[in-house]
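**Q** Below is the structure I would like to discuss, written out as structure tokens.
Every read-out reported here was derived from the displayed coordinates using simple, explicitly stated rules and does not represent laboratory data. Just so it is clear, the model here is predicted, and its values are computed rather than measured. Here the Cβ is made from the backbone with ideal geometry for all residues, glycine too, and neighbour counts use every protein chain on show.
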Amino acid sequence: MTLIDCRKNFETYKGIMKEPYLVNGSMVYEVEFLGLNELYNFLLSNPIVNTIIFPKQVSQSNDERTMNFCKLTYEEALNYLNGGYEKNIEKLLELKRDLEVVKNFSSNKTKVIRSFTGSRVSINGFISNSPKKFYRLERLEEKKFIKINANLAFGMEDTADLVLHRGVLLKNLVDLLENNNYNVALNTFILLRREQELFYLKLHLKEINSSLFIEDIIFPLTSIAFLRRLVFRVMESVPFKEEWSKNYGIGLNDDEVKKILKLSSKDIFVGRPKRIGLKGISLKEDADTFLKYVKADKYIKVLKK
């Protein structure tokens, strides 16, 4: 297999695999998926592997060293993109039951007012022949829109528990915001560097006005196998020229990431677990750290301990 063969992926997966482009002297290889279904179908189609750079594919390896670090095989990880990954759901439900640092408010903030029209008659208005004879519900405020941009990468310093906590807290943040009259988009990404080349994966887990189901997102948000198996398989189909196979790249620092993402000042950014202050021991303590990191008190009421 040659590099030319691998470049056929650009035409086969047009719209998903972008033509490389330069950013600050580095060549960026961008791959974008509009959801988990698109990622699943991409991998299921078995895209051409860049065997020049990846003569041995870590994503497929079932040797002892790999399996000690990543318990799932590639086939098992791929199947979990369709749901059914229950290992970490209990942690997410635990947070919903026990976390008390945030007060939830109803997303349906309404008040009853007297009006010329409405669904219920006002007896007093009817008797007094007032023009405003009806009651109707009025929303107190319009829904606000917000984007969360979350880095799904992790480094050697990030344990499986750190990855798990970040994912659980991300899901809970989406729920908290939507319970407080926000309409949320959750855009996740992975940015890795090897010399003068960048790998940029974009995965839209939730769009504005769509729902985020635990069964769908618990695997990509909380399992290290998502990166080690599935994201690595995507990387192995990219026509890199550098020696990526040595370590599959290193993560960028947050300042570099933010420049490439071109975030709005209104967006919420979530970085790698250790770098945002998570410890991976107490979920409640990590929740407190996480809420301060994302400046949650700008959007929701955070109760004092």
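**Q** Under a crude label model (7 Å from the Cα following the beta-carbon direction), how far is Lys144 from Ser264 in nanometres?
**A** Once both label points are built, they end up 1.2 nm from each other.
**Q** Over 31 Å between C-alpha atoms is what I'm after, so list which of Lys71/Lys279; Lys143/Lys274; Lys14/Lys279 land there.
**A** From the list (Lys71/Lys279; Lys143/Lys274; Lys14/Lys279), the Cα-Cα distance tops 31 Å for Lys143/Lys274; Lys14/Lys279.
**Q** Something else: How long are the semi-axes of the ellipsoid equivalent to the stretch 187-305, from square roots of 5 times the Cα gyration tensor eigenvalues, in whole Å, largest first?
**A** 29, 17, 16
**Q** Quick one: net charge of Ile276's neighbours, Cβ under 10 Å, K/R +1, D/E -1?
**A** Neighbourhood net charge equals +3.
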